[in-house]
Amino acid sequence: MENQKKIILTGDRPTGRLHLGHYVGSLKRRVELQNSGEFDDINILIADDQALTDNADNPGKIRDNIINVVLDYLSVGIDPDKSTICVQSALPALHSLTFYYMNLVTTARVSRNPTVKSEIQMRGFADEGLPVGFFCYPISQAADITAFDATVVPVGEDQLPMIEQTREIVEKFNKTYGDTLVLPKAMIPENETQRRLPGVDGKAKMSKSLGNCIYLSDSPKTVKKQVNGKMFTDPQHLRIEDPGHLEGNVVFTYLDALCRDDHFASYLPDYNNLDEMKEHYKRGGLGDGVCKKFLISVLEEELQPIRESREKWASNIGDVYDILADGIRRAREKTDATLLRVQKSMRIDYFDDRKIVSEWEKLLKQPM
Ligand code: TRP
């Protein structure tokens with residue numbers, strides 16, 4: 001379908017506070033896109049129902065983290081006047097759409113989705129049994145995206161298979177029922193280290209259970225402790241004079257993702273930029289302590305304003321509630337309109353007007 005408008009939909013599962021991985025992989029970019037003025041409509045979905053697909057026994061955790069995630073959004077600069085923040089469970093059209101789309105996807109296709117595959121392993125569903133709801137979440141995500149007529153979906157790299165699956169559903173729907181749904185595109189960070197920031201211990205991903213995260217709401221003391229106490233560097237770099245290695249060196253991975261030339265002028269004027277610092281490290285003579293201290297300064301410059309803003313919002317939870325209630329109202333209008341359009345295309349809009357009465361009358365007059 002031709003759609004001139006540029007519409008963003010993105011979202012997160014409210015299973016915990018958001019961390020630096022979310023920030024460099026997605027949140028920072030969302031704020032830039034929001035402030036670019038290039039988009040007609042920006043929507044951010046707190047996917048609580050999706051979070052329940054693997055937390056069915058713990059709805060309290062999801063409930064508690066909705067507020068944490070909204071506070072994280074607001075504190076990084078998501079502006080409720082420019083972006084609609086909404087909650088999945090309050091948007092019934094998403095569930096209806098999911099149910100229709102389920103008929104357009106085979107179980108074999110979902111089984112091939114690499115993100116779903118690895119999550120099934122990680123969550124032990126391979127042995128315990130796989131909840132149908134969890135298996136279907138990529139389809140529900142297609143409903144999220146299409147319900148807002150999104151053209152662009154800014155996400156982390158691990159979400160690419162979801163967007164691909166959504167595109168297939170859109171194509172199948174439009175082919176089966178006529179042009180109705182908008183074909184979305186994924187948008188992932190250009191900088192490779194930003195796409196997949198490892199945990200402080202060098203493990204592939206930040207994860208609460210591994211204790212290797214730096215949360216946006218962590219105190220300066222905790223940030224310092226994570227960097228100085230846990231951050232992986234180069235195990236062969238025993239003495240300062242030894243040549244250092246950058247591969248797998250988390251301090252430099254984080255600097256790649258976050259530092260700018262002006263950080264050097266402020267905190268480490270011995271170098272003009274990261275390349276010069278890296279050269280010195282590789283040559284030998286630059287100690288890990290100095291590198292970590294610099295990284296902590298870079299992190300603090302980024303995190304301090306976020307922390308302050310979070311505290312302000314956290315002392316006005318009534319206002320945050322109103323922001324959500326307003327976002328939900330706006331999102332409901334958009335998603336209900338899409339559901340109606342979908343039902344019209346499928347010719348199952350029986351009760352939208354009384355047109356079907358005459359249709360049925362005519363049908364019954366025909367000889368059987
Ligand atoms: N699956 C996403 C995640 O785990 C969250 C999500 C739900 C989402 N619905 C979405 C992301 C729609 C983008 C668009 O992070």
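Computed quantities for the displayed model
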| item | result |
| --- | --- |
| Residue within the range 226-244 that is under 19 Å from Asn68 (Cβ atoms), part of a loop (DSSP other than H, G, I, E, B) and of a type outside the set (Phe, Trp, Tyr) present | no |
| Residue list for the range 103-118, filter: farther than 21 Å from Leu45 by Cα and crowded, with 16+ Cβ neighbours inside 10 Å | Leu104, Val105, Val110, Asn113 |
| Check on Val153, away from the ligand (no atom under 13 Å from the Cβ), in contact with a strand residue (DSSP E or B) (Cβ under 8 Å, 6 or more places away or on another chain) and outside any helix (DSSP H, G or I) | no |
| Given (1) out of contact with any Asp or Glu (no Cβ under 7 Å at 6 or more places or on another chain); (2) in a loop (DSSP other than H, G, I, E, B); (3) more than 10 Å from the ligand (Cβ to nearest atom), number of the condition Val182 does not satisfy | (1) |
| Hits in the range 136-150 (condition: farther than 24 Å from Glu32 by Cβ, near the ligand (Cβ under 9 Å from one of its atoms) and assigned to a loop (DSSP other than H, G, I, E, B)) | none |
| Set Thr15, Thr10: member being in a loop (DSSP other than H, G, I, E, B) and within 11 Å of the ligand (Cβ to nearest atom) | Thr15 |
| Sole exception among (1) in a loop (DSSP other than H, G, I, E, B); (2) within 30 Å of Ala108 (Cβ to Cβ); (3) in contact with a Pro (Cβ under 8 Å, 6 or more places away or on another chain) for Gln165, by number | (1) |
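Rundown of residues vs (1) part of a helix (DSSP H, G or I); (2) within 13 Å of the ligand (Cβ to nearest atom), yes/no style:
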residue	(1), (2)
Ser96	yes, no
Met102	yes, no
Arg109	yes, no
Ile120	yes, no
Leu130	no, no
Phe134	yes, yes
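Computed from the coordinates by the stated procedures, all read-outs in this text should not be read as laboratory data. As the structure is a computational prediction, the values presented were derived from the model and not from experiment. A quick note on method: Cβ atoms are made from the backbone with ideal geometry, for glycine too, and the neighbour counts reach across all protein chains shown.
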